[in-house]
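Where a number appears in this text, it was derived from the coordinates with a stated rule and is not lab data. This one's a predicted model, so the numbers in the text were calculated from it and none came from an experiment. Note that we place each Cβ from the backbone using ideal geometry, even for glycine, and neighbour counts take in every protein chain shown.
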Amino acid sequence: MTFPKCGTTWMQEIVWTMLHNPNLDNPKEDETIFLRSPDLSYDMIFDSKSLGGSPIKPIAERFKEIHPGKEMDNGVMADILEALGGPRVIKNHFPFPLLPRDILDTIKVVYVARNPKDMTTSFWNFYSSTNVHEFRGDIDSFARLIMNDGMIYCPYWPHVMAAWEKRHHPNLHFVFYEDLISDIMHELRKINEFLGAGLSEEKLEAIKRHISFSSMKSRAGTLPGNPFKKEQDKTVFFRKGIVGDWKNNFSPELQEEMDQWIKKNLTDTDLNLSWALAE
Ligand code: PPS
């Protein structure tokens, strides 16, 4: 569970690998992540008309396998998730208030949060460079849409805070993208424990290499039917994978505006994001 561009795909690969590919020998490992870990929120954003009347190819094909002849107009993801072998690894951008209230009684949730400035940078780049979204404005106008709750999946703060408030629940694991970057082994150990995967240190080391940015990026290049590629050689899901790229993209005015937005929204909360502000 994440707000978009906060490390969803990375965490999907980590969790799927721990649960379904601990020896790195599962022949499905090169199958698109869209099928190994389907997106619960997919049907909401992918109106089939914007994709030429059909969901993306691998998803449409899987749906046809499960339900030959059935129309896709009412969405496809619930059926695809239903047919998935367990333990199911489900991607989801919906916040807790839009999900069943008792969800943590029955499933484990990993929530990934990220510096909202890097999220905005990543989101803007993504929306500006895909066939599907084709955002045409500059980063300032995109950031203002986020800050004014005008972008999909907004409002941002209630999304993060709903998870942050539940962070002590035994079925919720809350992690920052920045912590994954700064000490991935430490975070992999915690996720291993949270999932009850019982993997040895040696296996975690191998998984660490498998889920590195360069490794995931090189495998993504071979995935079939990726609708997000504008150009064949551009894999927009794996752009830079670093902390602090906002500094290369934000004007001083936008930095100040976002810092104020962060401070204002965290007043009277116990979430401290002082590390996310400009020095
Ligand atoms: S989405 O579309 O919401 O599911 O996107 P999401 O996967 O959440 O976020 C994409 C950003 O995550 C980066 N990424 C990684 N960083 C480090 N290591 C690994 N393995 C990794 N995989 C994906 C990806 O590059 C996007 O961030 P930016 O800043 O754009 O590079």
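Using only alpha carbons, the chain has a radius of gyration to Kirkwood radius ratio (Rg to Rh) of 0.94.
Please check: in the Gaussian network model of the chain (C-alpha springs, under 10 Å), which one of 200, 41, 129 has the largest mean-square fluctuation. Answer for the Gaussian network model of the chain: 200.
The label point for residue 208 and the one for residue 270, both projected 7 Å from the Cα toward the Cβ, are 3.1 nm apart. Stokes-Einstein diffusion of the range 71-213 at 37 °C, 0.692 mPa s viscosity, Kirkwood radius from Cα pairs, rounded to a whole number: 185 µm²/s.
Among 242-252, 104-114, sorting by the average number of other beta carbon atoms lying within 10 angstrom of each residue, highest first, gives 104-114, 242-252. Report note on the peptides 9-17, 170-178: ranked by the mean count of other C-beta atoms within 10 Å, highest first, their order is 9-17, 170-178. This ranking places 2, 269 by how few other beta-carbon atoms lie within 10 Å of each, fewest first, which gives 269, 2.
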